[in-house]
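Taking it in order: structure first as structure tokens, then the write-up.
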Amino acid sequence: MFPQEIENESFRIIRSELGPHSFSDGALNVAIRVIHATADFDFCTNLRFHERAVDAGVAALCRGCTVVTDVQMVRVGISSVLLARLGGKAVCAIGDSEVCAEAEVQGMTRAAVALRYNARFMEGGIVAIGNAPTALFEVIRLVREEGLRPALIVGVPVGFVNATESKEALLSLDVPFITAVGRKGGSTVAAAAVNALLRMAVERAATAQ
């Protein structure tokens, strides 16, 4: 089978096994991409979408926004080809020397400092966090205390320490978000969600021409 045939068959299988759900059409596209990337149908029940999440994310991508990620695994998992087609880019500062030095001085994780470092790209942009709960907490702080307004926060950190708590905090934020309650998540989930939005944005841009 050719790659596209394999993908199409995978999506057919996912749709046939998905069962009842309450996703909108746009949220369903995201959910299917996430399940496809993880082979985990738990995301059918643990994904949560702010009511404006999909529309806000697609609109931002159509404007050529920047996607700020917590770790390089999320950044490289997002389609650079589709981003470039829309005039956007993905950035991650976790390996920058300034970030590493500041994290050591402040006693913070590099992921949290990296999000603070890239705050200038977040206004009207998309934040995608798949690894570090500390990074998600920092974005929430930036929104609450400094008035930052990302178009969308994809907050799906994975793990046993503060992952659940950080996502619960995101649910109370008055900013469009996509998250997955509980311990599950990860870089693959964050990238898959953004890629689903990217495909919708490319289709919308093509229709508008």
statement: With Cα springs under 10 Å, the Gaussian network model of the chain assigns the largest mean-square fluctuation among L86, L136, L152 to L86
task: When a/c is below 1.5 the answer is rounded, else prolate if a/b is larger than b/c, else oblate, so apply that to the stretch 51-135 with a ≥ b ≥ c taken from the square roots of the Cα gyration tensor eigenvalues.
output: prolate
Amide H contacts of G124 (H built 1.01 Å from N, under 5 Å, at least 5 apart or other chain): R149, A151
query: Percent of accessible area on the chain owned by carbon and sulfur, 1.4 Å probe?
result: 51
- prompt: Where is the GNM fluctuation largest for the chain (alpha-carbon springs, 10 angstrom cutoff): V181, V161, V67?
  reply: V161
query: In square angstrom, rounded to the nearest 10, how much accessible surface does H36 have for a 1.4 Å probe?
result: 70
- request: Taking only Cα atoms and a 10 Å spring cutoff, compute GNM fluctuations for the chain and point out the largest among R116, R141, R15.
  value: R15
task: Taking the chain as the reference, fit the longest principal axis to its C-alpha atoms, fit the long axis of helix 187-208 to the helix C-alpha atoms, and give the angle between the two in degrees, 0 to 90, nearest 10.
output: 60
- prompt: Which ³J(HN,Hα) values, rounded to whole Hz and listed in residue order, are derived for the stretch 139-145 from phi using the Karplus coefficients 6.51, -1.76 and 1.60 in 6.51 cos²θ - 1.76 cosθ + 1.60 with θ = phi - 60°, glycine and proline given as x?
  reply: 5, 4, 4, 4, 5, 6, 9
field: Solvent accessible area, Å² - K184, 1.4 Å probe, full protein context
entry: 80
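Where in the stretch 52-87 are there trypsin sites (Lys or Arg not before Pro) that are in a DSSP coil and have at most 15 other Cβ atoms within 10 angstrom of their Cβ?
Values: sites: R52, R63, R75, R85; in loops: R52, R63.
Passing both the DSSP loop test and the Cβ count: R52, R63.
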- prompt: Taking the stretch 1-90 on its own, what percent of its Cα-Cα pair distances exceed 23 Å?
  reply: 34
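Using only DSSP helix segments of four residues or longer, with each worth -39500 (n - 2.57), what per-residue ellipticity at 222 nm results for the chain after dividing by its residue count and rounding to 500?
On the way: 11 runs with 119 residues, N = 209.
Value at 222 nm, helices only: -17000 deg cm²/dmol.
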Folded to 0 to 90 degrees: helix 25-38 orientation relative to the chain principal axis, Cα: 80
message: Placing unit charges on C-beta atoms (Lys and Arg positive, Asp and Glu negative, everything else neutral), compute the dipole magnitude of the chain about its Cα centre in debye, rounded to 20.
response: 300
- line: Projected onto the charge dipole of the chain (unit charges on the beta-carbon of Lys, Arg, Asp and Glu, signs +1, +1, -1, -1), the Cα from F41, G95, A201 with the largest positive-side position is that of A201
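Report for the chain the percent antiparallel among DSSP-assigned beta bridges with both residues inside it, nearest 5.
Details: 3 of 16 bridges.
Once the DSSP bridges in the chain are tallied, antiparallel ones form about 20 percent.
The values are calculated or read from the model by the stated rules, or taken from the named source; none is laboratory data. Computed from a predicted structure; not experimentally measured. Please note: Cβ atoms are built from the backbone with ideal geometry, for glycine as well, and neighbour counts cover all protein chains shown. With ligands, DNA and RNA removed, areas are computed over all heavy atoms of the protein, side chains included. Shrake-Rupley method; radii C 1.70, N 1.55, O 1.52, S 1.80 Å.
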